[in-house]
Every structure is written in C-alpha cells, then in structure tokens.
1. Mind giving me the FRET efficiency for Ala376 and Arg108? R0 is 51 Å, r the Cβ-Cβ distance, nearest 0.05 is fine.
2. Would you mind getting me the FRET efficiency between Ala37 and Ser164? Use the beta-carbon distance for r and R0 = 45 Å, nearest 0.05.
3. For the chain, give me the percentage of DSSP beta bridges that are antiparallel, rounded to the nearest 5 percent.
4. Relative to the Cα centre, what is the charge dipole magnitude of the chain, using +1 at the beta carbon of each Lys and Arg, -1 at the beta carbon of each Asp and Glu, and rounding to the nearest 20 debye?
5. Please work out how much length the chain gains when fully extended from Thr172 to Asp204, using 0.36 nm per residue of separation minus the C-alpha to C-alpha distance, in nm with one decimal.
6. Per residue, how large is the accessible surface of the chain? Use a 1.4 angstrom probe and give square angstrom.
7. When Rg is the radius of gyration of the Cα atoms in the stretch 277-377 and Rh is its Kirkwood radius, what does Rg/Rh come to?
8. Provide the three semi-axes, in whole Å and in decreasing order, of the ellipsoid equivalent to the chain as defined by the square roots of 5 times the Cα gyration tensor eigenvalues.
Amino acid sequence: MTDTPLEDPAAEASDPVLAMDEALVTPLRAPVADDLAYPFAAPPAFGTSREVAPGVRWVRMPLASSLAAVNAWAIEDGDGWAIVDTGMGTPETIETWRRSLAEALDGRPVTRVLVTHMHPDHVGAAGWLTREFGCELWMSRLEFLMCRSMFSGWTDEGGDDRWSLYRGAGWTDQRLARFRGGARTSGFGRAMQPLPNSFRRMSDGQTIRIGGRDWKVVVGAGHSPEHACLMCEELGVFISGDQVLPEITSNVSVSPLEPLADPLEDWLSSLARIRGIVPDNLLVLPAHKLPFYRLHNRIDALIGHHDAALGRLKEELRRPRRAIDVFEALFNRRITEVTMMMATGESLAHLNYLVARGEAQASRDADGVIWYSAAAS
C-alpha cells in the first residue's frame, strides 16, 4: 500500500490546533467566482474595535495560522455587551479580550456569550468569559453536547474503531502511528477553557432579544452539526459564523464519530435554505475575513463550487481510487501533515455524497482499505 505524497513533514507545524484551524477552511480546487461588496477595507487591530452597525462592534482574536484571526462581535445589551464567538482558549486570546473589553469596549461587562458552533476558535474562550463575568453561555444543544464530548479528549478505551476511518481512507501504518502517538489526538482540548456545566439553548427560528432588538437564530449544518447564525433585520446584519465565508470555503468533513455521514448534503441543503430565509441586502458578518454584502451571490458561488468539485471527482473515479488519491481533484494545494486529517475528512464527505446518490460505489479490500469507483451505468 502506498501513501499520498506530502510536502516535507519536518517543515510543518505539529500543533493539532493549528492543523484544525488551517484545515477548517482548506479551499477546494479553483477559485470561487462571486461578486461581493466589502464596506470595510481592513479589519480592526487586535485590542481595538470597529462599529459595523448601531450597537454592534467588530473585534478580533488572534490565531496561530495563516488565517491570523477570528472575528468576534460585541452587541450592546443594556449596560454591557453580548459577545458572539470568542476565539481560542489560549493565554494570548484571553489577554486580547482583557485589552478589548477594557479599552475598545469601554470597560463594560459581558452580559452573555453566544457561540455559533463548537470549534475551538469560536468556543475556546467561552468558559473563561462566562466565569469572569458570571454570565450564561448560549449555544445550540447539539453543538454544546458535541463540544463537551469531543474536546474532553479522545481515548482508546473504547477500542481502535475511530482510526479505522483513516485506515479505510488509505493511510499507512506509519502515518497512523504518527497521528496516534502525537498530541493530535487530544490537542483540541488544549485550546479550550473548560465549558460551564449548563447552557441556554439556541434553536432554529428562535428570536432572542438583545439590546432592545430582535435577533433571529438561523441554523445551518455540514461544517458543524447545528451551527447557529444570527440575523437582525432591523440593523441589517447577519452573523454567519463559518457557515458562509468570503474568499475561502469552510471545511465539510466526515469524522470517525459517524463514518458514513453525508455532511455535504447537509451543507448544500443548509446553504439553499439560508438563501431563502436571509435577505440579500444584509451585511454579512463572517467568522473570518471581511464583512460583505451580496450573500446570495456568495451562496450561489459556494454551491456551484462544490458541484464543480463533485464533477471532477466523478471523472477521477473512472478507475478505483482511495480517499487519499482524490486530493488533487478537490484541493488547490498540496496536502501536508498539518492538513492531512481534515483533507481526508473532506474527501470522504464528497465520496459519501456520491455513494449516497448511487453515483459511486465503495468496496473494502482485505487490508480494510475502501476503494471507490464510478457506479455502473
């Protein structure tokens, strides 16, 4: 069994938090063409804020990756601020929050913390903020429960079944040993401040009153299981989290928890649904990069982009291929040790999508490796 070629692993960062952060937005091959309008030429510096709508300020938290930062949003809420997304639970992020709250946000307290989804660059500092200010954490139920279970640390007590996903994708024993033996198996928890034991549930269609204005919860899926976006039509803004991003595409992956899942169907259906719910004239406040207008153009481009990727993948499957063999058809850069796990997950998402629709078939060989090929016509 041969492995897919990678760049020199010695030149790559080994931190699993960096691996996740980079790979969450691993771009699919070919640029996404769209026509967006950006009202802000540059983001605010760390420790400062910028008003994007009346009573809504933009702050940024640092990330140790090419993304550089995650956006957080402070919404006036009585005498304080409701914070949407928090950044990683690292000392650098906590220090940035201390500076931002004391200076850029006028020294006012945090009244509540709302988190779009469970990934550490969004929820990592939530536990610290809620304890520091004695306030509630708001999340969708599935994101909270999945976060509590996944980021408490993986163990092998239940057996090695979680690694069978990667063996089936074509990973060699050497690569499996590297990932199993390193911090990659438990590193996500190192970017997390402990969550509170209770939370306030956000659910699709719910209206939350913040600072005298109504914010509607719009739930998406695919990138994460129950991703909560927030829309305020009165202010003309839509906080999209990672569900809709400009310039880059969110990672949509199969995980060892649910190896036969079809997250790409969830993703594409969610995008189409959001397009029908959220007006096109709202200012989109994404988790990464700059706020933008013309949401519908972006959603159309993302759907078309994945459709094109599926078309290339079907061509690739004219001969039997493993998940690790289809990277070139899907991604616009070489996959490295840092991005290997998430790239495998995204490849499996596209393969599972085709299998679920009868456009591809899968068979497992004697070594446990799954081979995919185009379905017989």
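1. Values: r = 64 Å, r/R0 = 1.26.
E(calc), rounded to 0.05, equals 0.20.
2. Rounded to the nearest 0.05, the efficiency is 0.45.
3. So the antiparallel bridges in the chain amount to around 70 percent.
4. Dipole size: approximately 200 debye.
5. Extending this stretch completely gives an extra 7.3 nm.
6. Working: 14970 Å² over 377 residues.
Roughly 40 Å² per residue, with all protein chains present.
7. 1.08
8. 35, 23, 18
The values are calculated or read from the model by the stated rules, or taken from the named source; none is laboratory data. Remember, predicted model here, so these are calculated numbers, not experimental data. Note: ideal-geometry Cβ built from the backbone for every residue, glycine included; neighbour counts use all protein chains shown. The accessibility values were calculated without ligands, DNA or RNA, using every heavy atom of the protein model including side chains. Shrake-Rupley method; radii C 1.70, N 1.55, O 1.52, S 1.80 Å.
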